[in-house]
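Each remark here refers to the structure printed beneath this line.
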Amino acid sequence: MKKSNAKTIYATSAKYSQITLEHIEQNRIESYTPFFKIDTKIDKWEKAIKAVEVIVSQLEKEGVEKSVYLLWSGKGIHVSINENAIPKDFGPLTAAHAIVQYVLREVRDEIIKIGDVKVDELIDPKRVFTVPLSPHKELDYVTVCFSPDKLSKFSLDWANPDSFIHEERVYERYEKDEAKELIERALMEYKPSHEGVKPKKEETAEGKIVRFQVMDILEAARYYVLYGDLDKAKSFGLNRAIFYAWAKYYGREYVPKGSKTGILSEIKKSEDKISTEVAGESVYQDVKTGYYIIGDKPQTPEDYDKEIKNKIELVIPYDKARDAAVKYISSFPKSILENQRLFYEKVYVPLRDHFIEKVVNRKRVWRISFISNNALYLKLVRD
C-alpha cells in the first residue's frame, strides 16, 4: 500500500502538570488516558472490531460507557477512556493500569476465541499514541476517532486520507469520575507488572467493599432472612446487584451491543423460566434449578462466590461479613424488607459506602435518652 510523505505525529498518554526537559523522570503526571490497544494484520481488521466489541461490552457492564471512544490507528484500534473519568484521589497511572489489567482478565477467554488479535497491557509512564488525523508511519491511512455506537458501521474506508470519516472531538466527551467503582474493584486484585506503575498505599483499596458487593451481600441476606434458602439467596443477591448496576447507567430497557434483548427488559416466557415476585420485586426464575435469571443467564451460587464472596475475602473474612449482614437485616421489620423502595432507601443507602464501619464493626454505645426529675436515663442504641 502506498504511503504519503507526511510525518506521523504522536502524543503522550499522560498529561503533565509540569515538564522539565532536563529531568525527564521528574515530570509530574496529572492524568492518564487508560487504553486497550488491539493489534492485528490489516487483512484481519474485522477481527479487531470483534475484540473491541468484547471490551466495550465489558466496560459497559462495569458502568463505564459515556467516557469511552475508539481510535483507529492503522493496523489496529484503541479503546480509550477519557482521563476525566478517573477521580483525582486515585493515582492516574495506577488507576489506568488497574482498569486495563482487570478488564483484560475478565475478557481474556473471549478474546482468545476470536483469534488473530493481540491485546496487551501497555500502560506505562512513557507510552505514546498516534494523534487523530495523523498519517500512519507505514500504511496509507490516517488515524480517525469515533464513538462505540458507530462501531458496526466502521470500515477501512473511514481511514482513507483523501476521504476519511472522523468524529470530531469525541475524545473530549466524558462523565466525571465515571470509572470510580470500576477502579475500586480493579484495585482489589491489582498486581503491578510495569516499571514505574506502583500503587500508593492509600490506593490498594484495603478495608473497602465496593457498592456492587454491598448491594449483593445485603440482597442475599434479605432473601435469607425472609425465606431461609442459602443457595437461592446467593442467586437472588447477585441477580439484584446486576439489575441495579445496569439500571443505574442505562435504564430498564438498555440493549447491550450484540444482544437480542435488553438485559433489564422482559425475558419471553418459556417452559424454562417463569416470572415471580420476590421481596416485592419482579424477577425471572429458572424452572429447573430455582435460581434467578437476568440477561437470559441464571445467577448460580458459584457465580456469587466468584463475583462476591472471593472478592470480599480479599478485604475481610467473608463469613464475618455475611453474619454481620444477616444480623443487620434481621433488625428491620418485614414491611421494609418486602418493599423494594424502602429496602433501598432505609437499608442499603445509609451504609453503601461504609459497610465495614456501620455493619461489620458496629458497636453498642450508651447515649443520653432524656433527663427527667433530675434523673438521668440511658438508652442502649446502635451507632
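The values are calculated or read from the model by the stated rules, or taken from the named source; none is laboratory data. Being a predicted model, the structure only gives us computed values, none of them experimental. Glycine gets a Cβ as well: all are built from the backbone with ideal geometry, and neighbour counts include every protein chain shown. Ligands, DNA and RNA are excluded from the accessible area calculation, which covers all protein heavy atoms including side chains. Shrake-Rupley method; radii C 1.70, N 1.55, O 1.52, S 1.80 Å.
Observations
- Scanning the stretch 126-169 for residues that are open to solvent by 30 Å² or more (accessible area, probe 1.4 Å), polar (S, T, N, Q) and under 15 Å from W45 (Cβ atoms) turns up S152, S155, N160.
- F343 modelled with pLDDT of 90 or more, outside any helix (DSSP H, G or I) and either aromatic (F, W, Y) or under 28 Å from E106 (Cα atoms) (or both): no
- Check on L133, hydrophobic (A, V, I, L, M, F, W, C) and at positive phi: yes
- Elements of type strands (runs of 3 or more DSSP E) in the stretch 42-128, at least 1 residues being modelled with pLDDT of 90 or more and closer than 27 Å to R211 by Cα: 68-72, 76-81
- Annotation note: Cβ proximity below 7 Å between a residue of the stretch 304-326 that is farther than 16 Å from D231 by Cα and in contact (Cβ under 8 Å) with a residue 40 or more places away in the chain and a residue that is of a type in the set (K, R) and open to solvent by 30 Å² or more (accessible area, probe 1.4 Å) (sequence gap 6+ or interchain) occurs for V315/K208.
- Count of the stretch 318-339 residues which are in a helix (DSSP H, G or I), surrounded by 15 or more Cβ atoms within 10 Å (Cβ to Cβ) and of a type outside the set (F, W, Y): 8
- Residue within the stretch 296-317 that is at pLDDT 85 or above and assigned to a strand (DSSP E or B) present: yes
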